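A quick write-up on the structure given underneath.
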Amino acid sequence: MSVYTSPAKVNLSLRVKGKRPDGYHDVDMVMARLDLVDELDFHNSRTTTLICDAPGIPTDEQNLVIKAIIEFEKRYGRKAKQRITLTKRIPQAAGLGGGSSDAATTLLAINELLGTQFAPEELHEMAAAVGSDVPFFLNPVLSRCLGRGELVRPLSAFETWSSPIVLLKPQFGVRTPWAYENCRRKRTVTYDTQTVRGLRLSNDLERPVFDKFPFLACMKMWLLEQPGVQAALMSGSGSCMFALTETHEQANAVAQAAKEQLDATLFTYCGTVNPQ
Ligand code: C5P
């Protein structure tokens, strides 16, 4: 059995530049990994199967792990024949890149386990074919991601940039009436660029997503009022919100206060963005 970990990411910045002829949008993003990880176990087997006991996770070709296997096999010209057990810790549909990360880890793992020695450029091509965010996870150092997200440029000036972080992810449908009620009473949400030790943070997807889910706008403004919070933003297309704090103790305190004051059913995580 070979065990690999697969990190989550946050978008420290996400700017949408415009729609492309292929239907995607050109973006300019800054992505950083977290110390929140999924786990993938690989076993040689007669056929490829994916086992995952987390509810709502498909184990067929809809799962990016299987898509990664298919892309790998196209180039390999043979079957990869792996039994993969996926332990999910990264919440889904959160903007944390869990599925993309699992796909990148699968490419790296089977390249190693099968001894195929595909070059980084070849792995990059396979990753980009699986999804726009997958290439970042092949080498998840703090990076600027351009094109549709697949053109990854490590930001070497920010290589050691790191921060305590708290993640808050709501389960919609719970406490929503309260959230809407409170949102109406809240002041207007701010979309201004926030700067933390030289890094500029903003997310162009906040406006449309907050229009549909006002509770997220409410969470952003609440986060910005908490002690020690240096910046608060939505990650990717949401629904995970995050705040960067000065200390880990402050991040823990924010998570606890969020459960008490916002919603007891929130998923919370306190850790480090771009851990060294
Ligand atoms: O590349 P990926 O499969 O992750 O993208 C999922 C969907 O998100 C795309 O089909 C597209 O609608 C949208 N997308 C986009 N622009 C990007 C990335 C994704 O419009 N840069």
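Just from the alpha-carbon atoms, what are the Rg and Dmax of segment 1-94 in angstroms?
Values for segment 1-94 (Cα only, Rg and Dmax): 16.1, 46 Å.
Counting only C-alpha contacts under 8 Å and six or more residues apart, can you give the relative contact order of the chain as a whole percent? Spell out each step's value before the answer.
Numbers: 575 pairs, mean separation 62.0, N = 276.
This gives 22 percent for the chain.
Please find, in a Gaussian network model of the chain (springs between Cα atoms separated by less than 10 Å), the residue of Leu107, Leu155, Leu216 whose mean-square fluctuation is greatest.
The residue that fluctuates most here is Leu155.
Pairing the Cα long axis of helix 98-113 with the longest principal axis of the chain, what angle in degrees results, from 0 to 90 and rounded to the nearest 10?
Once rounded, the angle reads 30 degrees.
Size of the chain along its principal axes in angstrom, Cα-based, largest extent first?
60, 38, 37
Taking N as the number of residues in segment 56-133, what value does Rg over Cα atoms divided by 2.2 N^0.38 Å take?
Details: Rg = 12.1 Å, N = 78, 2.2 N^0.38 = 11.5 Å.
My calculation over the Cα atoms of segment 56-133 gives 1.05.
Under a 10 Å cutoff between Cα atoms, tell me which one of Asp53, Asp204, Asp35 has the largest fluctuation in the Gaussian network model of the chain.
Between Asp53, Asp204, Asp35, it is Asp53 that shows the largest mean-square fluctuation.
Pairs Lys9/Lys88; Lys17/Lys220; Lys9/Lys79; Lys212/Lys259; Lys9/Lys81; Lys88/Lys169: which exceed 20 Å Cα-Cα? Write down the numbers at each step before the final one.
Numbers: Lys9/Lys88 14 Å; Lys17/Lys220 23 Å; Lys9/Lys79 30 Å; Lys212/Lys259 22 Å; Lys9/Lys81 29 Å; Lys88/Lys169 15 Å.
Beyond 20 Å between Cα atoms: Lys17/Lys220; Lys9/Lys79; Lys212/Lys259; Lys9/Lys81.
Quick one: Debye curve from the alpha-carbon atoms of segment 163-273 only, equal weights, vacuum; give me log10 I(q)/I(0) at q = 0.11, 0.19 Å⁻¹ to two decimals.
-0.30, -0.94
Based on a Kirkwood Rh over C-alpha pairs, give the Stokes-Einstein translational diffusion coefficient of segment 2-157 at 25 °C and viscosity 0.890 mPa s in µm²/s.
Working: Rh = 15.8 Å.
Estimated diffusion coefficient is 156 µm²/s.
Per DSSP H run of at least 4 residues, take -39500 (n - 2.57); add these up for the chain, divide by its residues and hand me the 222 nm value, nearest 500 deg cm²/dmol.
Values: 7 runs with 82 residues, N = 276.
Mean residue ellipticity, 222 nm, calculated: -9000 deg cm²/dmol.
Angle check, please: helix 120-130 long axis (alpha carbons) against the longest principal axis of the chain (alpha carbons), in degrees 0 to 90, nearest 10.
For 120-130 against the chain, the angle is about 70 degrees.
With charges only on Cβ, +1 for K and R and -1 for D and E, what is the dipole size of the chain about its Cα centre, in debye, rounded to 20?
Details: 31 positive and 30 negative charges, 103 e Å.
Value, rounded to 20: 500 debye.
Distance from the Cα centre of segment 1-22 to that of segment 209-256, in angstrom?
19
Using Cα atoms only, what is the angle between the long axis of helix 248-261 and the major principal axis of the chain, expressed in degrees (0 to 90) to the nearest 10?
70
Values quoted throughout were computed directly from the atomic coordinates according to the rules given, and no laboratory measurement underlies them. Just so you know, these numbers come straight off a predicted model, no measurement behind them. Glycine gets a Cβ as well: all are built from the backbone with ideal geometry, and neighbour counts include every protein chain shown.
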